[in-house]
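Presented below is the structure to which this report refers.
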Amino acid sequence: MPHTYLTANVFCRQMFGEKVYKLALSASTSCPNRDGTVGVGGCTFCSTGGSGDFAAPSAFPVSRQIDEAKRILGAKGEGLKYIAYFQSYTGTYGDLVLLERIYTEAAEHPDIVGLSIATRPDCLESDALAMLERLAAKKPLWVELGLQTSNEETAKRINRGYSLSAYEKAMADLKVLGVHRITHVILGLPNESRADMLATVKHVARYTDGIKLQLLHVLEGTALAESYRQGEFRTLEPDEYYELVADALELLPENVVIHRLTGDGAKRDLIAPKWSGDKKRVLAGLNQVLRAREIQPTKFSNTF
Ligand code: SF4
């Protein structure tokens, strides 16, 4: 049965009237799953960059980070519109006054049309929600939560440090604010079956406005790397991943925005699966499977 899915590209063109680009920025936040508040060591797959390895140096003020990130884009970055993307660590944890100042500076930058902030469900108390509400009044706001799995046993194994009910509550609270809610899901977590992974996708589909599907990467310097070297699990093969993505897309309602279909780990730190480092090959393989299964992106239309 043919199926369509809504890409972030089309969603952005609908929302902003043109193609927009993400600038990876850093607010110098920390993470309660690393500093001992919730846990130590962090999630087992998380790199030392706090899953934000492409951000501009956090020591810079935001306006300088924006300039730096645009400079990296080069001439093609001139005259474009951007989303300020704060992915690393936990974007609503720590000194909220300072964080709000940083996010506001980004929101008020003339080239920035929207904000995207990644955080944890257990870091969305009333003061953090109030901050997000004020930011959402300035510019469209996306909030990204790293659930990874709906399976509580896997969540313990990866040391996620919060329960599924915390995610569900956070999604309900964010819905009240009217922000665009994105859920991060990892396919291929240790000991998870195909059924487990698809159960996560099904569960997330009930709550989220957008989803990022990511292949599990084993990165140097993570707890997962040690476990992988001990032979405790294997990573997915390309065809397994492509078929899983196709299955996931078929499960998701056609209005859920697909923000990502592959991973984006830092190549220098990638231990496994090595095939995922060849992005062109991954996209070609994935497209082939999606085409064969008649799964297509929604076409952009002004009347959409
Ligand atoms: S919550 Fe995010 S930043 Fe913190 S350890 Fe887990 S993946 Fe890393």
- Identify the residue in the stretch 228-244 that is in a loop (DSSP other than H, G, I, E, B) and of a type in the set (Asp, Glu) and, among all such residues, is nearest to GLN288 (Cα to Cα). GLU237
- Message: Among the residues in the stretch 23-34, are any surrounded by fewer than 19 Cβ atoms within 10 Å (Cβ to Cβ) and of a type in the set (D, E, K, R)?
- Response: no
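Are any residues in the stretch 83-111 in contact with a Leu (Cβ under 8 Å, 6 or more places away or on another chain), away from the ligand (no atom under 16 Å from the Cβ) and at pLDDT 95 or above, and if so, which ones?
ILE83, ALA84, GLU100, TYR103, THR104, ALA106, ALA107
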- Query: Is there a residue in the stretch 129-151 that is under 22 Å from PRO190 (Cα atoms), small (Gly, Ala, Ser) and not in a strand (DSSP E or B)?
  - Reply: yes
- Message: Going through ALA225, ALA199 one at a time, which residue ends up being surrounded by fewer than 23 Cβ atoms within 10 Å (Cβ to Cβ), assigned to a helix (DSSP H, G or I) and within 16 Å of the ligand (Cβ to nearest atom)?
- Response: ALA225
- Return yes or no: is ASP209 closer than 30 Å to LEU115 by Cβ and charged (D, E, K, R)? yes
- Task: Output the residues belonging to the stretch 245-304 that are among the small types (Gly, Ala, Ser) and either assigned to a helix (DSSP H, G or I) or in contact (Cβ under 8 Å) with a residue 12 or more places away in the chain (or both).
- Result: ALA246, ALA248, GLY263, GLY265, ALA266, ALA272, SER276, GLY277, ALA284, GLY285, ALA292
- Message: Can you tell me which residue is farthest from VAL185 (Cα to Cα) among those in the stretch 19-43 that are away from the ligand (no atom under 16 Å from the Cβ) and in contact with a helix residue (DSSP H, G or I) (Cβ under 8 Å, 6 or more places away or on another chain)?
- Response: LYS19
- Message: Take the conditions more than 16 Å from the ligand (Cβ to nearest atom) and either out of contact with any Cys (no Cβ under 7 Å at 6 or more places or on another chain) or at pLDDT 95 or above (or both) and apply them to VAL185. Does it pass?
- Response: no
- Just a yes or no: is a residue in the stretch 118-140 without any contact (Cβ under 8 Å) to a residue 40 or more places away in the chain and within 13 Å of the ligand (Cβ to nearest atom)? yes
- Task: State yes or no: is LYS280 more than 13 Å from GLY188 (Cα to Cα) and within 19 Å of the chain's Cα centre (by Cα)?
- Result: no
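The values are calculated or read from the model by the stated rules, or taken from the named source; none is laboratory data. Bear in mind that the values here come from a model prediction, so they are computed numbers and not experimental data. Neighbour counts are summed over all protein chains in view; Cβ atoms, including those assigned to glycine, are modelled from backbone coordinates with ideal geometry.
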